[in-house]
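The values are calculated or read from the model by the stated rules, or taken from the named source; none is laboratory data. Every value quoted in this text rests on a predicted model; they were computed, and no experiment measured them. Using ideal geometry, Cβ is built from the backbone for each residue, glycine included, and neighbour counts are taken over all protein chains shown.
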Amino acid sequence: MITYNSINVVIPDIDRQAVTSWISQVASGYGKKVGDINYIFVDDGEILRINRQFINHDYYTDHIGFDYTQGNILSGDTYISVDTVRTNALLFHKSYQDELHRVMIHSVLHLCGLKDKTTGERLVMEKAEDAALALLG
């Protein structure tokens, strides 16, 4: 089950049914099934607090994920800063909605096992994001 929650912000206006179906489709493409995936939309202050407390990083980011996947069942909590998503959308000349979808699927791809620490991993991740976004339409 995919849930959508928020702390300090209004949940973005997304088509939950379409996004939930899309995420399940992407997961299936990796031989995975959706378990409990929780999206928590937050502001920059909250993402910074989480980053400091749990990751020991002192900077803003668009998302932080906690992976609870077991076997082929994807589960995790993903905190998404709507402030940073909005800033990045402007920076990358994308719509807010497109950038939000990119961050949301990025977190699912991490749950599927994709990494993005090295240049090669980032290229694979970006190609996977683009392929997944094309499925959403």
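In segment 76-93, how many are touching a Phe, Trp or Tyr at 6+ places or on another chain (Cβ under 6 Å) and assigned to a strand (DSSP E or B)?
4
Report yes if some residue within segment 102-113 is of a type in the set (D, E, K, R), within 16 Å of Arg16 (Cα to Cα), at pLDDT 95 or above and surrounded by 19 or more Cβ atoms within 10 Å (Cβ to Cβ); otherwise report no.
The answer is yes, given that some residue of segment 102-113 is of a type in the set (D, E, K, R), within 16 Å of Arg16 (Cα to Cα), at pLDDT 95 or above and surrounded by 19 or more Cβ atoms within 10 Å (Cβ to Cβ).
Can you find even one residue in segment 9-21 that is over 23 Å from Thr87 (Cβ atoms), without any contact (Cβ under 8 Å) to a residue 12 or more places away in the chain and polar (S, T, N, Q)?
The answer is yes; a qualifying residue exists.
Within segment 49-66, identify whether any single residue is polar (S, T, N, Q), under 21 Å from Leu135 (Cα atoms) and free of Cβ contacts under 8 Å to residues at least 60 places away in the same chain, and answer yes or no.
no
Do we find that Lys127 is of a type outside the set (Asp, Glu), at pLDDT 95 or above, over 19 Å from Ile11 (Cβ atoms) and not in a helix (DSSP H, G or I) in this structure?
no
Any idea which residue in segment 26-43 is farthest from Ser95 (Cα to Cα), counting only those that are touching a helix residue (DSSP H, G or I) at 6+ places or on another chain (Cβ under 6 Å) and either in a strand (DSSP E or B) or of a type outside the set (A, V, I, L, M) (or both)?
Checked segment 26-43; the qualifying residue farthest from Ser95 (Cα to Cα) is Val34.
If only one of Tyr96, Tyr39, Tyr59 is exposed (fewer than 14 other Cβ atoms within 10 Å of the Cβ), within 20 Å of Val9 (Cα to Cα) and among the aromatic types (Phe, Trp, Tyr), which one is it?
Of Tyr96, Tyr39, Tyr59, the one residue that is exposed (fewer than 14 other Cβ atoms within 10 Å of the Cβ), within 20 Å of Val9 (Cα to Cα) and among the aromatic types (Phe, Trp, Tyr) is Tyr59.
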